[in-house]
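Notes follow once the structure below has been shown.
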Amino acid sequence: MLTKINHIGIAVQSLADAIPFYRDNLGMAFMGTEEVAEQKVTVAFFQIGESKIELLEPTSDDSPVAKFIEKNGAGIHHIAYEVEDIEAAIARLVADGARMIDSVPRNGAHGARIAFIHPKTSRGVLTELCQMGH
């Protein structure tokens, strides 16, 4: 069902403060930023091998990422796994009793269709499924 780790999402207070570490100190290839208005975040992507690191900066105090930072501090927010067919993956998980945050895919960064699995199902880790746009 899963094809690879697409990205690891990291919640940050400020992209301006965080980008130089990943780009300059770690030497990751900076792929640019994108606002995801639906999620109330601006994201910055870095390529590392087949996967990416996604930094998430909240654009609003009531965004899910702002609430995450308030509760947990900055740090790992989610892991995203790539799937070929997101509807089939959701259906299989639901049939197996998984609790979904998104039972219908929504739009994510880079034209991806995404759905989150509730962290209570995935043992405390917010888990994203993503099907890349082609």
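One table, with the values for the structure above:
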| quantity | calculated |
| --- | --- |
| Cα-based helix-to-principal-axis angle, 86-95 vs the chain, degrees rounded to 10 | 60 degrees |
| Region 40-80: relative contact order as a whole-number percent, Cα under 8 Å and 6+ apart | 30 percent |
| Mean separation of Cα contacts under 8 Å, 6 or more apart, over the residue count of the chain: relative contact order % | 25 percent |
| Top positive-direction residue, dipole computed over region 6-134 with Cβ charges, set Pro20, Ile79, Ala44 | Ile79 |
| As computed over the chain, the Cα convex hull volume per residue (Å³) | 107 Å³ |
| Test item: Cα-centred dipole of the chain, Lys/Arg +1 and Asp/Glu -1 on Cβ, debye | 380 debye |
| Spatially proximal aspartates and glutamates relative to Lys4 (Cα-Cα < 14 Å; intrachain offsets below 8 disregarded) | Glu50, Glu82, Glu84, Asp85, Glu128 |
| The chain - percent of accessible surface contributed by carbon and sulfur, probe 1.4 Å | 52 percent |
| Quotient of C-alpha Rg and 2.2 N^0.38 Å, computed over region 32-84 | 1.19 |
| Probe 1.4 Å, protein heavy atoms only - accessible area per residue of region 13-131 in square angstrom | 54 Å² |
| Mean residue ellipticity (222 nm) of the chain, computed from DSSP H runs ≥ 4 via -39,500 (n - 2.57), nearest 500 | -5000 deg cm²/dmol |
| Beta bridges per DSSP with both ends in region 64-131, % antiparallel, nearest 5 | 65 percent |
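The values are calculated or read from the model by the stated rules, or taken from the named source; none is laboratory data. Bear in mind the structure is a predicted one, so any value in this text is a computation, not a measurement. Note that we place each Cβ from the backbone using ideal geometry, even for glycine, and neighbour counts take in every protein chain shown. Each accessible area value is taken on the protein alone, full model and side chains, heavy atoms only, with ligands, DNA and RNA left out. Shrake-Rupley method; radii C 1.70, N 1.55, O 1.52, S 1.80 Å.
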